[in-house]
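Here is the structure we will look at, set down as structure tokens.
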Amino acid sequence: MSNSVLDVLMYLFETYAEHDETTDHAVLRQELLRAGFRAPEVDRALVWLEDLNRDPEHPFPTIPGEYSMRLYSPLELSRLDAACRGYLIYLEHTGILSPLSREIVIDRLMALGAGEIDVEQVKWVALMVLFSQSGQENAFARMEDLVFEENTGLVH
């Protein structure tokens, strides 16, 4: 079975998000391996989760201001195409992401280690980031609607 780190994270999110109990990483690792995920992706996913929760109060040395403008690095531009960057702007302008959450989402997208990132990956990472932050229940619910909405192809 060939899976990406995001596949492991999505499985974890869908399987364990409703549980309040914290599972030991060794036990969780074994369960993921039994589920068919490969060890390198499982290990990277567990590190990804640890880094997501490393310092929720101060994840970055400076926090972007409300009216700050985001400039992307060449590496970020190579991995986040115009559609992804546009979607991040959309999430921020609709109030789902704050400037700080946007930065955490970008950080976690870059930490996936994959090649080019698509909008579906942005949606899932944003959902996971909002889930991990306290006080973001409304933003999480709105993001959850965006992730799980069915595209009917109808224009409103």
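No lab work stands behind these numbers, since they all come straight from the coordinates. All values derive from a computational prediction rather than experimental measurement. Virtual Cβ from ideal backbone geometry, glycine too; neighbours counted across all protein chains shown.
A few comments on the model shown:
- Gain on full stretching of the segment that runs from Leu71 to His93 - 0.36 nm per residue minus C-alpha separation: 6.3 nm
- Length gained when the stretch Ser132-Leu33 is fully extended (0.36 nm per residue, less Cα-Cα span): 33.3 nm
- Placed amide H near Arg38: partners under 5 Å, 5+ positions off or other chain: Asn3
- Spin-label model, Ala111 to Glu14: label points 7 Å out along the Cα-to-beta-carbon direction sit 2.3 nm apart.
- Our summary gives region 58-156 a relative contact order of 27 percent, counting only alpha carbon pairs under 8 angstrom and 6 or more residues apart.
- With R₀ fixed at 22 Å, the C-beta to C-beta distance from Val147 to Asp81 puts the FRET efficiency at about 0.70.
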